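Below is one structure, written out as structure tokens; comments come after it.
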Amino acid sequence: MLEKIYDKYDFDQDYEVYKYGQQVLIFNSIVNIFMFILGLCLHEGLMTLVWMLAFSGLRVNLGGYHCDSPVKCFVSSNLIFFLSMLSYKYLSSYFLLLFIPLGILFMLFFKYIPFINKKAKITICIELICLLIPKINMIVILALCENIILYLMTAKEKVNS
């Protein structure tokens, strides 16, 4: 299908780039559909959507650790999501305790703030404001913690490059 589009519009020079983009889009769609089905199985469809928006919104702008194979990416993405949903379901009464690791992570993260792009800073601010919204604050704090950890895993490489 992709080849027909490229032949019609003469995208010869960027064929590999477009092909890679299509593969990434299809793979990410499969991961997200699987996460959503898993969320529905856990009876947390709405919170799944909230987590996906909070996590993906910051992940796209902030970056962070990336797996070296699609299988590892699929497994780790779904594992992070599954642990977030379990934490949300069973640790919601301990919500305030999650501010401790978030505070520690922000202290570690603070020295990298000058290297972070404006969109990521805005997204972090929006998500911090979302912490004031009951029901979704637990999911948002989990997504923030996970994204900061993933960023810190590669932060030194980003600063040195």
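Remark: pairs (first residue in segment 139-161, closer than 20 Å to Leu49 by Cα and among the polar types (S, T, N, Q); second residue in a helix (DSSP H, G or I) and at pLDDT 80 or above; Cβ separation under 8 Å; 6+ apart in sequence or on different chains) = Asn147/Phe55; Asn147/Leu58; Asn147/Arg59; Asn147/Leu62. Condition check for Leu53 on (1) touching a residue at least 40 places away in the same chain (Cβ under 8 Å); (2) buried (at least 16 other Cβ atoms within 10 Å of the Cβ): one failure, at (1).
Of all residues in segment 105-135 being charged (D, E, K, R) and farther than 14 Å from Ile148 by Cβ, which is nearest to the chain's Cα centre (by Cα)? Let's see the steps before the verdict.
Here is the first cut: in segment 105-135, the ones charged (D, E, K, R) are 111, 118-119, 121, 127, 135.
Filter once more, so that each one left must be farther than 14 Å from Ile148 by Cβ: 118-119, 135.
Values: Lys118: 17, Lys119: 14, Lys135: 20 Å.
Per the stated criteria, the residue is Lys119.
Pro134 fulfils the conditions (1) in contact with a Leu (Cβ under 8 Å, 6 or more places away or on another chain); (2) closer than 20 Å to Glu44 by Cα; (3) not polar (S, T, N, Q) except for a single criterion, (1). Scoring Ser77 on the criteria (1) more than 15 Å from Ile141 (Cβ to Cβ); (2) without any contact (Cβ under 8 Å) to a residue 12 or more places away in the chain; (3) under 9 Å from the mean Cα position of the chain (by Cα) leaves a single failure, condition (2).
Just name the residue that is nearest to Ile100 (Cα to Cα) out of those in segment 132-161 that are of a type in the set (A, V, I, L, M) and at pLDDT below 85. Steps first, please.
In the first step, residues of segment 132-161 are kept if they are of a type in the set (A, V, I, L, M); the result is 132-133, 136, 138-144, 148-150, 152-153, 155, 159.
Still in the running and at pLDDT below 85: 155, 159.
Working: Ala155: 21, Val159: 26 Å.
Per the stated criteria, the residue is Ala155.
Per-residue answers, yes or no, for (1) at pLDDT 90 or above; (2) not in a helix (DSSP H, G or I):
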residue: Leu53; (1), (2): yes, no
residue: Asn61; (1), (2): no, no
residue: Tyr65; (1), (2): no, yes
residue: Leu83; (1), (2): yes, no
residue: Leu97; (1), (2): no, no
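Just one of the numbered conditions (1) closer than 23 Å to Leu152 by Cα; (2) touching a residue at least 40 places away in the same chain (Cβ under 8 Å) is not true of Val71: (2).
One residue stands out among those in segment 73-131 that are over 22 Å from Met47 (Cα atoms) and charged (D, E, K, R): the one that is surrounded by the fewest Cβ atoms within 10 Å (Cβ to Cβ), which is Lys118.
The values are calculated or read from the model by the stated rules, or taken from the named source; none is laboratory data. As the structure is a prediction and not an experimental result, all values here were calculated from the model. Neighbour counts are summed over all protein chains in view; Cβ atoms, including those assigned to glycine, are modelled from backbone coordinates with ideal geometry.
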